[in-house]
Amino acid sequence: MKLLSESMQILSGHGCFGRYLHKIAGREPTEECHECGAAVDTAQHTLEDCPVWGPERADLIAIVGPDLSLPAVVKSMVDSERSWQAMQIFCEEVMQQKEMAERAREIAPMADQRRRKRARRRRVAHDRRLPP
Ligand SMILES: [Zn+2]
């Protein structure tokens, strides 16, 4: 059984989580959760707490059970193919949405930079018109 990269992100904590993006990847100014505004976003926050993923979590709990601590989830995945699949579906749905949101945030600062460049070009053109 192949583990999807989205599941690896949840199980390892290395992925589109505020804490990882801030502390390890250095790509975010804070560790906060962009989905719900919680101060710290981790794999465990995404799996157990983040209210935004309530519907996806309900589907997961229906199969894996209410204990979503990492040891319990891993045990359930190894014991039952249905749990393995339910976890993969949860991770895939949630992580794809988090990755899409992160890509949108990456594009936003680039748009700002383009605006700044245009403003500088205008200033240079203006300076050239001034007499020496
Ligand atoms: Zn959250």
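As a rough footprinting exposure proxy, the listed residues Met87, Met77, Met100, Met8 were ranked by other beta carbons within 10 Å of their own, and the order from fewest upward is Met100, Met8, Met77, Met87.
Normalised by 2.2 N^0.38 Å, where N is the number of residues, the C-alpha radius of gyration of region 1-60 stands at 1.13.
Model label points for Glu32 and Glu92, set 7 angstrom from Cα along the Cα-to-Cβ axis, are 3.3 nm apart. Considering only alpha-carbon pairs that sit under 8 angstrom and 6 or more positions apart, the relative contact order computed for region 1-115 is 24 percent. Legend: translational diffusion of region 13-113 by Stokes-Einstein, Rh = Kirkwood radius over C-alpha pairs, 37 °C, 0.692 mPa s; D = 229 µm²/s. For the pair Ala39 and Met8, the difference between a 0.36 nm per residue extended length and the Cα-Cα distance amounts to 8.8 nm. Projected over every direction and averaged, the convex hull enclosing the alpha-carbon atoms of region 48-87 yields 2.4 nm².
FYI, it's all coordinate maths here, none of it is from the lab. These numbers come from a predicted model, not from an experiment. So basically every Cβ, Gly included, is an ideal-geometry build from the backbone, and we count neighbours across all protein chains shown.
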